[in-house]
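Reading through the structure tokens given below for one structure.
Please treat every number below as a calculation from the coordinates, not as lab data. Predicted, not measured: the structure shown is a model, and the values here were computed from it. Quick reminder, even Gly has a Cβ in these numbers, built from the backbone with ideal geometry, and neighbours come from all protein chains shown.
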Amino acid sequence: MHTDRVCLVATGVVTPGCENVEELWRRAQDGPIVFGRSDRFSEAGLFSALKHSETGLPYDLTYGEVRDLTADGSGDLQVGWLRHALRQCLATMSVPAGRTGLFVSASTDTSYEMDLALAADTLAAQAAARLPENGRAQRYEAIRRRFAESDSCVGRGHTEFFPHSQVARAAGGLLPPDTRTLVSNNICPSALYSVDLGVRHLLDGAVDVAFCGGVSSHGPLRQVYFAEMGTLSRSGQLRAFDVDADGTVFSEGAGVVALKRWSDVLRDGDDVLAVLAGFGAASDGKSKAIFAPSQEGQTRAMTRARSVNGVTGAEVSWVIGHGTATLAGDATELRSIAAAHPGGEPWVTGNKAYLGHTGMACGVVSLIQAATGLHRSTVPRQPNHVELPEYARSLSLRVPSAPVPLPQEDSSYVGVFACGLGGINGYQLLRSPRGQVGGVRSAPPDLGDELVLVRWSALLPGKPSDDEVAARLVRGDEPADDTRFESPYPLPPFPDTLIAPNVAAALDMSQLLTAELASRLAGPAGGVPLWEGVEERTGVFGAQYGLSTSAVESTVLCLGDGFVEMLEGEEKAAAAAYLAELRGRVAPISPYSLVGRMSSTALGWVSNRRNLRGPTMMVDTGETSGLAALHTAGSYLRRGDVDLALVMAWNASAPQDAARSLGIGEEDVAEGAVAVALTRREIATARGWEVLARVRTDLGPASEPSRREGGRYRAADGVLDVVRCVVRGEFPQRFSAGSGAAVHVLPPS
């Protein structure tokens with residue numbers, strides 16, 4: 001276990017108009033603006049059918065585009081950007097022999113490549129299914145080849161664009177083959193969480209160098225979603241924190257930072273750009289709406305970051321905010337920054353005015369700008385800003401109209417904040433290496449207490465009780481007879497989810513499953529919930545693999561018409577017939593469509609409805625994501641960031657997509673959700689919780705997954721393995737994942 005600090009030693013970035021850090025520093029202040037309509041798609045009419053649900057007018061498809069950086073122009077956009085950013089890091093740092101970690105935020109919900117390839121795959125399969133059986137496979141291939149002419153990324157099947165696959169391709173040939181890897185999905189603040197994961201694994205001794213960052217590709221699909229939510233700028237100008245702010249402008253890109261322990265930096269002779277000085281993770285808890293920003297949640301994250309080193313509000317001199325220029329977003333954020341830094345008057349800036357909102361990469365893009373500013377001893381000016389809104393003029397903060405010098409020996413801190421849909425917040429503090437950093441901690445200390453499992457629950461087709469599931473597992477049977485829930489999934493009773501029926505009707509089955517599973521995990525109806533009294537420090541961690549049914553359907557609804565127009569004759573008629581059928585049973589795109597399809601929001605509903613205020617984090621390392629989620633939860637428990645961790649894993653993907661991603665038949669895939677509750681031994685003892693097992697986790701080199709019994713639940717299989725071990729009393733057991741995460745399950749005492 002290491003006690004020293006973690007340093008940021010190298011950076012790499014790609015955003016619209018920027019392909020290195022120097023360009024980022026200049027463009028973020030001085031522009032020019034590079035937003036426009038993408039010419040990426042060669043079929044001009046592909047998106048012409050997209051019309052706003054209320055106005056009937058075409059959607060504004062203006063956003064910030066990054067060019068394809070793959071050597072062969074293959075359309076593997078995010079992989080090319082991540083590799084470019086990694087190369088920048090590797091060119092400016094020493095990489096001695098040792099253990100390497102790669103911690104990246106990425107999502108199927110923020111992927112242009114996934115959008116198009118998924119729509120093409122699905123529509124081609126459905127059209128072929130409606131053609132004569134003789135020669136159907138050949139007709140599918142012919143339709144798919146026609147679609148592939150529209151864009152280079154459509155040449156690949158959509159399963160190649162799952163985040164864990166993209167990250168593996170990005171690392172190939174640049175990082176060692178045994179690199180420890182975790183992929184997280186917390187939407188906007190996700191890259192900051194990835195950095196925090198890197199810090200924890202460095203301090204735990206699991207890795208010796210950590211590459212951390214995020215990546216997103218944008219496109220028409222998200223323009224549609226955010227237009228329906230009313231968040232896009234009407235003027236096309238992003239004016240963060242300004243009286244004339246009228247909405248945001250999206251873009252895309254990637255950012256990566258390289259981290260090392262201070263002692264290793266001294267040994268290797270690397271330049272130190274910044275010292276990591278504490279991270280704060282928090283969920284909003286109960287709030288008026290899951291996509292509405294919360295001052296309480298944001299302030300909580302900032303205060304937690306300050307508490308790592310006992311930093312006062314006055315010691316934070318500069319905050320790079322999320323700064324989306326939405327009216328509610330900016331208003332909440334400015335009030336949060338002022339409230340979270342009592343006694344101070346920090347400079348507040350944002351970098352989206354000329355860079356755009358880079359989605360999953362935005363947190364690390366801001367972190368790179370902050371580290372560059374510390375290195376240059378300069379706070380950059382805030383572009384596209386004339387005057388604070390009236391409500392903010394009395395707040396204790398300032399927005400710079402010109403660059404502001406930071407004293408080189410200054411001992412103050414710089415903060416980077418990001419927040420996202422689902423009520424997820426993250427705040428990272430940095431400090432200049434030129435100041436007094438001897439006593440600075442990069443994370444809370446390890447408490448040295450063992451982790452224990454105190455409760456589990458399962459929600460499976462047929463809805464057997466947990467006792468029934470346990471009995472089946474003890475006998476060696478599958479946990480449930482049925483493999484599919486009723487379709488469409490019946491709305492659960494309000495007491496089981498605490499989600500209003502009109503809202504629940506717009507949500508994907510996966511979100512309803514997690515909300516209902518939380519009710520089961522809480523304990524008997526009418527009793528005291530498991531987390532009663534520890535809501536402030538209860539975190540929710542999830543395991544994802546694949547696409548939600550809502551994601552598949554809404555993607556095809558938005559993009560299908562353009563693909564249909566590329567066909568002729570009976571193939572066109574067959575594809576059009578499927579679209580008509582889809583529209584007949586699926587609600588049109590609405591303000592809840594994005595929230596309703598996002599995998600990370602499945603956890604957000606649990607935190608929001610149950611008023612849980614610890615971190616919320618989704619992990620996606622493929623089929624074995626469940627084990628990675630257990631490991632991630634353990635890393636927050638060990639250092640006391642949370643006292644109770646709820647770990648949820650599920651498979652609720654469209655059956656055809658689930659089977660196709662694994663190369664198996666639909667009959668070999670089962671739907672279901674499983675959850676466990678983990679805590680530290682001292683907490684379990686103090687609260688009188690029965691200990692069902694002890695748990696240890698680690699992140700080792702990539703390996704072959706251990707053999708599982710009845711591996712049918714995809715991301716949930718790893719958690720189900722742990723439950724099976726517990727109910728059978730078969731200790732000890734070790735379950736490992738291809739990502740390198742391993743879970744050891746030991747007797748209760």
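Summary of values
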read-out: Within the range 95-166, GluC sites (Glu not before Pro) in DSSP loop having at most 11 other beta-carbon neighbours inside 10 Å; value: GLU133
read-out: Rg [Å, one decimal], Dmax [Å, integer] - the range 569-633, C-alpha atoms; value: 18.5, 56
read-out: Contact order normalised by residue count of the chain, Cα under 8 Å, 6+ apart, percent; value: 17 percent
read-out: Neighbourhood net charge (11 Å Cβ-Cβ; Lys/Arg +1, Asp/Glu -1) for ASN309; value: +3
read-out: Solution diffusion estimate, µm²/s, Stokes-Einstein, the range 59-102, Kirkwood Rh from C-alpha pairs, 10 °C, viscosity 1.306 mPa s; value: 123 µm²/s
read-out: Fraction of alpha-carbon pairs over 22 Å apart in the range 442-548 - percent; value: 46 percent
read-out: Sequence-distant aspartates and glutamates (8 or more away, or on other chains) whose Cα lies within less than 14 Å of LYS51; value: ASP60, GLU228, ASP561
read-out: Rounded to whole Å, sorted largest first: equivalent-ellipsoid semi-axes of the chain, Cα gyration tensor; value: 36, 33, 24
read-out: Modelled FRET efficiency - R0 45 Å, GLU409 with LYS572, Cβ distances, 0.05 increments; value: 0.05
read-out: Antiparallel content of DSSP bridges confined to the chain, in %, to 5; value: 70 percent
read-out: More than 23 angstrom apart: percent of Cα pairs within the range 178-336; value: 51 percent
read-out: Environment charge of THR100, counting only residues whose C-beta is closer than 10 Å and scoring Lys/Arg +1, Asp/Glu -1; value: 0
read-out: Over the range 339-432: Kirkwood hydrodynamic radius from C-alpha pairwise inverse distances, Å; value: 14.5 Å
read-out: Kyte-Doolittle at least -1.0, axis length at least 15 Å by Cα - qualifying DSSP helices, the chain; value: 77-91, 112-129, 190-203, 327-340, 362-376, 509-522, 549-564, 569-585, 599-610, 625-638, 717-728
read-out: Computed over the range 411-464, Kirkwood Rh from alpha-carbon pairs, angstrom; value: 16.3 Å
read-out: Charge tally in the Cβ shell below 13 Å around VAL503, where Lys, Arg are +1 and Asp, Glu are -1, VAL503 excluded; value: +1
read-out: Distance histogram for the range 280-417 (every C-alpha pair counted, 5 angstrom bins, percent rounded to whole numbers); value: 2, 10, 20, 24, 23, 15, 5, 1, 0
